[in-house]
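Visitor: The structure that follows is given in the form of structure tokens.
The values are calculated or read from the model by the stated rules, or taken from the named source; none is laboratory data. The structure presented is a predicted model; accordingly, all values stated were derived computationally and were not measured. Backbone-built Cβ (ideal geometry, glycine too); neighbour counts: all protein chains shown. The accessibility values were calculated without ligands, DNA or RNA, using every heavy atom of the protein model including side chains. Shrake-Rupley method; radii C 1.70, N 1.55, O 1.52, S 1.80 Å.
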Amino acid sequence: MKKLIGLDIGSYSVKAVDIKVSSKDIEIKNFGHDLLSRESIVEGEIMDTNLIEEVIRTVFTRRKIKNKNLSISISGRNLILKSVQIDAVGEEKVRNTLEYEFPNHIPYERDDIYYDFSIVSEEGGRSDVLIAAAKKEVVNSRVNLLKSLGLVPLAVDTAAMAIQNAYEAIHGPITGTVFIADIGAEKTSFSIIVNGVPKFVREIPVGGNHYTDVIAKELGVNYEVAERIKLGEEKSDSSLEELFDATNQNLSNQMKRSLEYIKGNAPLMINKGVLTGGGALTPGLLDFLRGEMEAAEIELFNPVEFVKAPADLLPELQKVGPALSVCIGLAMRKVK
């Protein structure tokens, strides 16, 4: 099995991590990251190829990451993750049935997408199947960019599945009904998992940049200063929790609507909520959601707290914190 470097190309930064997983712990062997400009990636699509190439090259060179085999992720509006029932059992029969029924499940032309599926359960001649589909143009653009840098992308995952992999590797299998909110720079990936099976994923257009914009507007400072204030690197006399109230409420309302959609007419008990991603550290957000969302508990998932790492990497790892969830989950993938 080939060991892979987890490479997370987000809208805020590029992160690469090399890990070693044993029966006892997860150890980060190497880690590199660098920031991107705000316009580099918009809604999951690369806008500035030259800058992305330069940053990725810098990350690998600076940290002397030798392994070129990568696991990468896709997210955004060009990705669909869907749970369906198929009147077939067995991988070959399910695949053939999916090809025939494809227009009923995925709103893209078959020739325009890559897709894969996982059989969750089989009973009475039917299969519960999880489908992941992404536009070829989006996947190919990333794969070709990485190949041009001499890198070898061998696995493409969804960001939501990568986070689930990281969470379960640290905390064990997910039981009951759990939501995971991955709060990135541009948007929040909101997924609902039932007994370890993803049932729903939605991109909510609220992320860390929106909180930075609020600070910039309300305090009359530029974006760079506002970002430092949000991160606690620069002091402010204003209460950020109060400034963020409307944005927090917007995020909370959209998360609730997602839960209502998946619930339909059936009762739905949320056993746990998990907050991760760089925006999860937004001042006051965790406490706000604990007061708004109907969940038995809501916790912050910061994988850096649970992994081993060399002393020289710890300061940067701790600074990135929950934003490393996708990257660690990707690095756990192995291929033949």
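Visitor: For segment 114-135, name all the residues that are among the aromatic types (Phe, Trp, Tyr) and either open to solvent by 60 Å² or more (accessible area, probe 1.4 Å) or in contact with a Leu (Cβ under 7 Å, 6 or more places away or on another chain) (or both).
Guide: Those that are among the aromatic types (Phe, Trp, Tyr) and either open to solvent by 60 Å² or more (accessible area, probe 1.4 Å) or in contact with a Leu (Cβ under 7 Å, 6 or more places away or on another chain) (or both): 114, 117.
Visitor: Based on what the data block shows, is residue 301 of a type in the set (Phe, Trp, Tyr), touching a helix residue (DSSP H, G or I) at 6+ places or on another chain (Cβ under 9 Å) and under 21 Å from residue 176 (Cα atoms)?
Guide: yes
Visitor: Any idea which of (1) over 18 Å from residue 207 (Cβ atoms); (2) surrounded by 12 or more Cβ atoms within 10 Å (Cβ to Cβ); (3) free of Cβ contacts under 8 Å to residues at least 40 places away in the same chain is the one residue 227 doesn't satisfy?
Guide: For residue 227, the exception is condition (1).
Visitor: Please enumerate the residues belonging to segment 186-224 that are touching a Gly at 6+ places or on another chain (Cβ under 9 Å) and surrounded by fewer than 17 Cβ atoms within 10 Å (Cβ to Cβ).
Guide: Within segment 186-224, 195 is the sole residue that qualifies.
Visitor: Looking only at segment 222-247, count how many residues are in a helix (DSSP H, G or I), hydroxyl-bearing (Ser, Thr, Tyr) and closer than 26 Å to residue 290 by Cβ.
Guide: Residues that pass the stated criteria total 1.
Visitor: Which pairs have Cβ atoms under 7 Å, sit 6 or more apart or on different chains, and link a residue in segment 26-37 that is touching a residue at least 60 places away in the same chain (Cβ under 8 Å) to one that is hydroxyl-bearing (Ser, Thr, Tyr)?
Guide: 33/13
Visitor: In addition: All but one of (1) surrounded by fewer than 15 Cβ atoms within 10 Å (Cβ to Cβ); (2) closer than 19 Å to residue 151 by Cβ hold for residue 91; state the number of the condition that does not hold.
Guide: Going through (1) surrounded by fewer than 15 Cβ atoms within 10 Å (Cβ to Cβ); (2) closer than 19 Å to residue 151 by Cβ one by one, residue 91 breaks only (2).
Visitor: Being modelled with pLDDT of 95 or more and of a type in the set (S, T, N, Q) is the filter here; which residues of segment 276-291 pass it?
Guide: The one that is modelled with pLDDT of 95 or more and of a type in the set (S, T, N, Q): 276.
Visitor: Show the residue pairs meeting these rules: Cβ distance below 9 Å; 6+ apart or different chains; first residue within segment 125-136 and among the acidic types (Asp, Glu); second residue open to solvent by less than 50 Å² (accessible area, probe 1.4 Å) and at pLDDT 90 or above.
Guide: 128/86
Visitor: Within segment 61-74, does at least one residue satisfy the condition of being surrounded by 14 or more Cβ atoms within 10 Å (Cβ to Cβ), free of Cβ contacts under 8 Å to residues at least 60 places away in the same chain and among the hydroxyl-bearing types (Ser, Thr, Tyr)?
Guide: no
Visitor: Also: Within segment 171-178, does at least one residue satisfy the condition of being touching a strand residue (DSSP E or B) at 6+ places or on another chain (Cβ under 8 Å), within 30 Å of residue 61 (Cβ to Cβ), crowded, with 19+ Cβ neighbours inside 10 Å and in contact (Cβ under 8 Å) with a residue 60 or more places away in the chain?
Guide: no
Visitor: Among the numbered criteria (1) out of contact with any helix residue (DSSP H, G or I) (no Cβ under 7 Å at 6 or more places or on another chain); (2) modelled with pLDDT of 90 or more; (3) buried (at least 18 other Cβ atoms within 10 Å of the Cβ), which one does residue 183 miss?
Guide: The single condition residue 183 does not satisfy is (1).
Every residue, every condition in (1) within 18 Å of residue 163 (Cβ to Cβ); (2) open to solvent by 40 Å² or more (accessible area, probe 1.4 Å), yes or no:
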| position | (1), (2) |
| --- | --- |
| 238 | no, yes |
| 241 | no, yes |
| 255 | yes, no |
| 260 | no, yes |
| 275 | yes, no |
| 305 | yes, yes |
| 314 | no, yes |
| 317 | yes, no |
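Visitor: So residue 101 passes all but one of these: (1) exposed (fewer than 15 other Cβ atoms within 10 Å of the Cβ); (2) in contact (Cβ under 8 Å) with a residue 40 or more places away in the chain; (3) not β-branched (Val, Ile, Thr). Which condition number does it fail?
Guide: Condition (2) is where residue 101 drops out.
Visitor: Further question: List the number of the failed condition for residue 89; all other conditions in (1) closer than 14 Å to residue 115 by Cα; (2) assigned to a loop (DSSP other than H, G, I, E, B) hold.
Guide: Only one criterion in (1) closer than 14 Å to residue 115 by Cα; (2) assigned to a loop (DSSP other than H, G, I, E, B) is unmet by residue 89, namely (1).
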